[in-house]
1. Only one of these conditions is not met by residue 83: (1) touching a helix residue (DSSP H, G or I) at 6+ places or on another chain (Cβ under 9 Å); (2) modelled with pLDDT of 90 or more. Which number is it?
2. Here are some residues: 206, 223. Which one is under 30 Å from residue 129 (Cα atoms), within 16 Å of the ligand (Cβ to nearest atom) and open to solvent by less than 30 Å² (accessible area, probe 1.4 Å)?
3. Please enumerate the residues belonging to the stretch 304-334 that are among the polar types (S, T, N, Q), buried (at least 21 other Cβ atoms within 10 Å of the Cβ) and either within 16 Å of the ligand (Cβ to nearest atom) or within 23 Å of residue 175 (Cβ to Cβ) (or both).
4. Give the stretch 281-292 a look and list any residue that's assigned to a strand (DSSP E or B) and near the ligand (Cβ under 9 Å from one of its atoms), or say none.
5. Checking the conditions here, which among 264, 238 is more than 16 Å from the ligand (Cβ to nearest atom) and open to solvent by 50 Å² or more (accessible area, probe 1.4 Å)?
6. Pairs, please: C-beta under 6 Å, at least 6 apart or cross-chain, first residue touching a residue at least 60 places away in the same chain (Cβ under 8 Å) and within 10 Å of the ligand (Cβ to nearest atom) and in the stretch 183-196, second of a type in the set (D, E, K, R) and assigned to a helix (DSSP H, G or I)?
7. Count, please, the residues in the stretch 154-187 that happen to be in a strand (DSSP E or B), small (Gly, Ala, Ser) and open to solvent by 30 Å² or more (accessible area, probe 1.4 Å).
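The values are calculated or read from the model by the stated rules, or taken from the named source; none is laboratory data. Keep in mind that this is a model prediction, so the values were computed, not measured. Here the Cβ is made from the backbone with ideal geometry for all residues, glycine too, and neighbour counts use every protein chain on show. Heavy atoms of the whole protein, side chains included, go into the accessibility calculation; ligands, DNA and RNA do not. Shrake-Rupley method; radii C 1.70, N 1.55, O 1.52, S 1.80 Å.
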Amino acid sequence: MSNAPPDDDNGGLTPDQLQFFHKNGYLVVPGALPPSTVAALLDETHRLLDGFSLADHPMTRFSTGGEDGTGDDHVGDAYFLESGSKIRFFFEEDAVDASGALTKPKHLAVNKIGHYLHGLSPPFASLLKTSPTSTSTTPGTFIPNLRARPASVARALGFTDPRCLQSMVICKQPEIGGAVPPHQDSTFLYTSPPSAVGFWYALEDATLENGCLSFLPGSHRWAPIEKRLVRKAGMNEGTEMVVNDGPRFPPGEEYGEDKRDREGGGGEYVPGEVKAGSLVLIHGNLLHKSERNTSEKGRIIYTFHVIEGGEGRVYDERNWLQMPAGEEFTRLFD
Ligand SMILES: O=C(O)CCC(=O)C(=O)O
């Protein structure tokens, strides 16, 4: 069966949900994954966390670029730069001591697993490939029962050739879960013009206590993509933030003046506490963040990002995330 939804498929997004997304730049879809799928994805997460080896690990931590996310201290070693086509494990900043040793058991030290789960892990891969009529799990061929099919959601959001370019599990571990500073996803996943949308699934309840997301509603309408994360010259020589000299908003929408330097900074962040199984859609220009997790409860989520692969969008070779020569980003439509 084709994975491309028909033109009239709204993907389970109601007109009200679409309107909310366009107005606010994010949308919570409760119950997008049923409990059986959440359980299967958590099982796979724990299998990966228990199974990876420390023997040949470079002890790469995940650093996010200072208080506003656009500083230069982003992770950028070869282990990270090659992760677009691999499953790799990045530690919480506070899980590694000055001598490079872990301060926690490894399964409680990992901040992030990425960035090719959607290609190499069958349970995560199957989220992208579920046909509209899939309803059950067949032994050996894991098929999640999705209530909001990613391909259909992408169609509803206006994508003509959506491509998944990265996926990650973010663990936000108990006691040491790192904060994610305010940022816009198109800074890290830039197309010209911008097109990224984040699909973020809670696999455990995300609360104020354990570091849920929060959003600056409407900021996708006035916050331009001013910088881009790119590879330094050469393939494996780190990353840097540079001024974005390309388009700073997606085409075809109305945009207001940047409010960040105004009094009030464009408004208040709104917390997004959600139950396990919820999907959160995030516009690539939307300012969003999450706080540290100092609680006893972890907060495991799965997220992937989609860009437009169709006519008129360019994903250039300066972007930090690249597939090996000859391979392309995963299509959501067959
Ligand atoms: O899950 C989080 O805490 C942050 C995720 C996020 O901001 C993103 O994926 O863009």
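1. The single condition residue 83 does not satisfy is (1).
2. Working: 223 fails: under 30 Å from residue 129 (Cα atoms).
Among 206, 223, only 206 is under 30 Å from residue 129 (Cα atoms), within 16 Å of the ligand (Cβ to nearest atom) and open to solvent by less than 30 Å² (accessible area, probe 1.4 Å).
3. First, the residues of the stretch 304-334 that are among the polar types (S, T, N, Q): 319, 322, 330.
If we keep only those that are buried (at least 21 other Cβ atoms within 10 Å of the Cβ) too, we end up with 330.
None; the set is empty.
4. So in the stretch 281-292, the residues assigned to a strand (DSSP E or B) come out as 281-283, 288-290.
Answer for the stretch 281-292, where residues must be assigned to a strand (DSSP E or B) and near the ligand (Cβ under 9 Å from one of its atoms): 282, 288, 289, 290.
5. Details: 238 fails: open to solvent by 50 Å² or more (accessible area, probe 1.4 Å).
One residue alone meets the criteria, 264.
6. Between residues of the stretch 183-196 that are touching a residue at least 60 places away in the same chain (Cβ under 8 Å) and within 10 Å of the ligand (Cβ to nearest atom) and residues that are of a type in the set (D, E, K, R) and assigned to a helix (DSSP H, G or I), the close pairs are 196/185.
7. The initial filter retains those residues of the stretch 154-187 that are in a strand (DSSP E or B), namely 162-170, 177, 180-183.
In the following step, the residues that additionally are small (Gly, Ala, Ser) were identified as 167, 177.
Those left that are additionally open to solvent by 30 Å² or more (accessible area, probe 1.4 Å): none.
Residues meeting the conditions: 0.
Okay, residues lined up against (1) in contact (Cβ under 8 Å) with a residue 12 or more places away in the chain; (2) within 16 Å of the ligand (Cβ to nearest atom); (3) farther than 19 Å from residue 221 by Cα; (4) not in a loop (DSSP other than H, G, I, E, B):
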{"residue": "254", "(1), (2), (3), (4)": "yes, no, no, no"}
{"residue": "257", "(1), (2), (3), (4)": "yes, no, no, no"}
{"residue": "260", "(1), (2), (3), (4)": "yes, no, no, no"}
{"residue": "276", "(1), (2), (3), (4)": "yes, yes, yes, no"}
{"residue": "302", "(1), (2), (3), (4)": "yes, yes, yes, yes"}
